[in-house]
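**Student:** Once you've had a glance at the structure underneath, I'll fire off some questions.
The values are calculated or read from the model by the stated rules, or taken from the named source; none is laboratory data. Predicted, not measured: the structure shown is a model, and the values here were computed from it. Heads up, the Cβs are rebuilt from the backbone with ideal geometry, glycines too, and the neighbour counts pull from every protein chain shown. These accessible areas exclude ligands, DNA and RNA; they are computed on the full protein's heavy atoms, side chains included. Shrake-Rupley method; radii C 1.70, N 1.55, O 1.52, S 1.80 Å.
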Amino acid sequence: MDKNLGEIQALLKKYDQEHLLNGYETLDENKKKELLEQIDKIDFELIHSLYQSTKKEIVPSEDQITPMEYLDKNKLYDDYKYYENIGKKAIREGKLAAVTMAGGQGTRLGHDGPKGTYDIGLDSHKSLFELLSDSLKEEGKKYDRMIPWFIMTSRENNKQTVEFFEKHRYFGYQKDKNLFFFNQGELPMIDTEGKILRGEDGLIKLAADGHGGIYEALVKNHMVEKMKQLGIEWVFIGGVDNCLVKMVDPVLMGIAIDKEVTVACKSVVKANPKEKVGVFCKRNGKPNVIEYTEITDEMAEARDEQGELLYGESHILCNLFNVSAIERMGATPLPYHKAYKKATYIDKDGNRIVPETPNAYKFEAFLFDAFGEVDEMAILRVKREEEFAPVKNADSAGVDCPKTARKLYKQFHHLD
Ligand code: UTP
């Protein structure tokens, strides 16, 4: 650490965050050191501007939104084999790796532990991590390979995640040989007055910086370097909470290689025009995802000559990137979006406050905000029932929950 206590105090005074040292003297030496290091690392200018952004009204965007072209995996006809062969060759040559983003808090599901450790209630009682590893190993066998697997965790869940894997003997993978764990970035949480919160441990209350943190995390943690050493050129990045995620897809890869694009994404068609999902589009001529909150009813209902929705391709966090695109995206800061959440914290008098309603802002980057870094990308529409069974909510919600995911998983694998 570069700064001493006096310098840290001056820094906090400048940004009106002096409460962060309340009770400092009661902390043990390690905690004291850790707290000062944390404070030293905070980008106070960024936090200040993020706080200001929470007070701004959202002005309607003047961006020019146009539809994005896509291919339908089930209507490729003769091209299917063509793309598949190109992809198969690249996978056989060891050019593919999988990345699972498992750094989220999984607040909606409400499981006590990392979401990947969740048992969706199959007879096998396999966790999401095991279902994903089964699929990777199964696919890898077709190419006589263990597809290298990279897992993004957050500081909050890293230890539990790694221990879970250890307990399950890494599901047949070898840590640091073909299985790698790395942490994503974090940002301090703030209250509605812009004050940075302190957690129950006396340290700064930090929260993972969103799935958009993936690019920077891959670069900063030298995972991209590792990928290059292993001869990897293509990386499938998906979430931990889709138990039907198909991480090894030669058709998707073949399309990316053949069309010379550095990003290729999968989509599923919207269940209905009103479905609350983000859809692929072009924003000011560049690839992007438009949120359901941003889209007008007219746009949501618009159809092409074949009767297909013009804005109907949902983004499902199933994206393939060339390593060069990840490097580029990792070097470009993404905007942060605010989320208003419940956060337990220690107030300035040292009291533990457990809120019953949201009380704090957390800031997250979204993975798709980086799509504009590339001029062109390919979209491949796949069948929802074959590749998308998300576990987002508790069963009481009735949608995208363990019950619905279990049903889809069983149907796909003919388990009933
Ligand atoms: P979600 O946006 O659904 O968030 O993440 P979540 O954390 O799982 O759940 P809620 O919103 O708190 O209920 C989609 C995917 O992105 C990962 C998640 O682990 C999940 O696989 N993710 C999300 C991260 O890896 N880091 C983050 O900071 C956020």
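**Student:** Which residue, of 404, 344, 357, is of a type in the set (Val, Ile, Thr) and either open to solvent by 50 Å² or more (accessible area, probe 1.4 Å) or within 13 Å of the ligand (Cβ to nearest atom) (or both)? Please lay out each step first, then the result.
**Tutor:** Working: 404 fails: either open to solvent by 50 Å² or more (accessible area, probe 1.4 Å) or within 13 Å of the ligand (Cβ to nearest atom) (or both); 344 fails: either open to solvent by 50 Å² or more (accessible area, probe 1.4 Å) or within 13 Å of the ligand (Cβ to nearest atom) (or both).
Unique residue meeting the criteria: 357.
**Student:** Also, quick follow-up: Specify which of the listed residues (231, 172, 210, 194) is within 11 Å of the ligand (Cβ to nearest atom) and either at pLDDT 95 or above or in contact with a Pro (Cβ under 8 Å, 6 or more places away or on another chain) (or both). Explain how you work it out, then say what you get.
**Tutor:** Numbers: 231 fails: within 11 Å of the ligand (Cβ to nearest atom); 172 fails: within 11 Å of the ligand (Cβ to nearest atom); 194 fails: within 11 Å of the ligand (Cβ to nearest atom).
Step by step, each of 231, 172, 210, 194 is checked, and only 210 is within 11 Å of the ligand (Cβ to nearest atom) and either at pLDDT 95 or above or in contact with a Pro (Cβ under 8 Å, 6 or more places away or on another chain) (or both).
**Student:** Let me ask another. Quick one: in region 234-247, of everything that is assigned to a loop (DSSP other than H, G, I, E, B) and within 14 Å of the ligand (Cβ to nearest atom), which residue is surrounded by the fewest Cβ atoms within 10 Å (Cβ to Cβ)? Steps first, answer last, please.
**Tutor:** Residues of region 234-247 assigned to a loop (DSSP other than H, G, I, E, B): 240-241, 243-247.
With the extra rule that they be within 14 Å of the ligand (Cβ to nearest atom), the set shrinks to 240-241, 243-245, 247.
Numbers: 240: 28, 241: 26, 243: 24, 244: 22, 245: 26, 247: 24.
It comes out as 244.
**Student:** Mind checking which residues of region 184-208 are surrounded by fewer than 19 Cβ atoms within 10 Å (Cβ to Cβ) and either within 16 Å of residue 100 (Cβ to Cβ) or not β-branched (Val, Ile, Thr) (or both)?
**Tutor:** Taking region 184-208 first, the residues surrounded by fewer than 19 Cβ atoms within 10 Å (Cβ to Cβ) are 191-194, 199-203.
191, 193, 194, 199, 200, 201, 202, 203, listed by residue number.
**Student:** Hey, another quick one. Please return the ranges of strands (runs of 3 or more DSSP E) entirely within region 257-324 where 2 or more residues are open to solvent by 20 Å² or more (accessible area, probe 1.4 Å) and within 19 Å of residue 73 (Cβ to Cβ).
**Tutor:** Numbers: elements: 263-269, 279-283, 286-290, 313-322.
The strands (runs of 3 or more DSSP E) meeting that bar are 313-322.
**Student:** Being without any contact (Cβ under 8 Å) to a residue 40 or more places away in the chain and over 16 Å from the mean Cα position of the chain (by Cα) is the filter; apply it to region 143-167 and report the residue that is nearest to residue 131 (Cα to Cα). Let's see the steps before the verdict.
**Tutor:** Step one: of region 143-167, the residues without any contact (Cβ under 8 Å) to a residue 40 or more places away in the chain are 146, 158-159, 162-163, 165-167.
With the extra rule that they be over 16 Å from the mean Cα position of the chain (by Cα), the set shrinks to 146, 159, 162-163, 165-167.
Details: 146: 15, 159: 20, 162: 16, 163: 17, 165: 13, 166: 16, 167: 16 Å.
Of everything passing the filter in region 143-167, 165 is nearest to residue 131 (Cα to Cα).
**Student:** List, please: which pairs have Cβ atoms under 9 Å, are six or more places apart or on different chains, and start with a residue in region 98-109 that is more than 8 Å from residue 239 (Cα to Cα) and among the acidic types (Asp, Glu) and end with one that is within 6 Å of the ligand (Cβ to nearest atom) and part of a strand (DSSP E or B)?
**Tutor:** none
**Student:** Just give me the residues in region 120-163 being part of a loop (DSSP other than H, G, I, E, B) and either out of contact with any strand residue (DSSP E or B) (no Cβ under 9 Å at 6 or more places or on another chain) or on the phi > 0 side of the Ramachandran plot (or both), in sequence order.
**Tutor:** If the condition is that a residue be part of a loop (DSSP other than H, G, I, E, B) and either out of contact with any strand residue (DSSP E or B) (no Cβ under 9 Å at 6 or more places or on another chain) or on the phi > 0 side of the Ramachandran plot (or both), then 121, 122, 123, 124, 125, 142, 144 are the ones that fit.
**Student:** For region 93-119, enumerate the residues that are in contact with a strand residue (DSSP E or B) (Cβ under 8 Å, 6 or more places away or on another chain), part of a loop (DSSP other than H, G, I, E, B) and within 12 Å of residue 402 (Cα to Cα).
**Tutor:** Going residue by residue through region 93-119, those that are in contact with a strand residue (DSSP E or B) (Cβ under 8 Å, 6 or more places away or on another chain) are 95-105, 107, 114, 116-119.
From what's left, part of a loop (DSSP other than H, G, I, E, B): 95, 102-105, 107, 114, 118.
Passing the criteria: only 118.
**Student:** What are the residues in region 195-251 that are among the small types (Gly, Ala, Ser), at positive phi and touching a strand residue (DSSP E or B) at 6+ places or on another chain (Cβ under 9 Å), if any? Can you show your working first?
**Tutor:** In the first step, residues of region 195-251 are kept if they are among the small types (Gly, Ala, Ser); the result is 199, 202, 207-208, 210, 212-213, 217, 231, 238-239.
This time we only want the ones that are at positive phi, so: 202, 210, 231.
Once the filter is applied, which keeps residues that are among the small types (Gly, Ala, Ser), at positive phi and touching a strand residue (DSSP E or B) at 6+ places or on another chain (Cβ under 9 Å), region 195-251 yields 202, 210.
**Student:** Still on this structure, I have one more. Can you name the residue in region 17-36 that is touching a residue at least 60 places away in the same chain (Cβ under 8 Å) and in a loop (DSSP other than H, G, I, E, B) and, of all such residues, is most open to solvent (accessible area, probe 1.4 Å)?
**Tutor:** 22
**Student:** Residue 396: open to solvent by 50 Å² or more (accessible area, probe 1.4 Å) and out of contact with any helix residue (DSSP H, G or I) (no Cβ under 8 Å at 6 or more places or on another chain), yes or no? Spell out how you get there, then give the answer.
**Tutor:** Working: open to solvent by 50 Å² or more (accessible area, probe 1.4 Å): yes; out of contact with any helix residue (DSSP H, G or I) (no Cβ under 8 Å at 6 or more places or on another chain): yes.
Taking the combined requirement at face value, the residue satisfies it.
**Student:** Let me ask something else. Considering region 37-66 alone, what residues qualify as being of a type in the set (Lys, Arg) and assigned to a helix (DSSP H, G or I)? Reasoning before the result, please.
**Tutor:** In the first step, residues of region 37-66 are kept if they are of a type in the set (Lys, Arg); the result is 41, 55-56.
Scanning region 37-66 gives 41, 55.
**Student:** While we're looking at this one, here's another question. Quickly run through region 77-100 and pick out the residues that are touching a Gly at 6+ places or on another chain (Cβ under 9 Å), open to solvent by less than 20 Å² (accessible area, probe 1.4 Å) and closer than 20 Å to residue 132 by Cα.
**Tutor:** Result: 91, 94, 96, 98, 99, 100.
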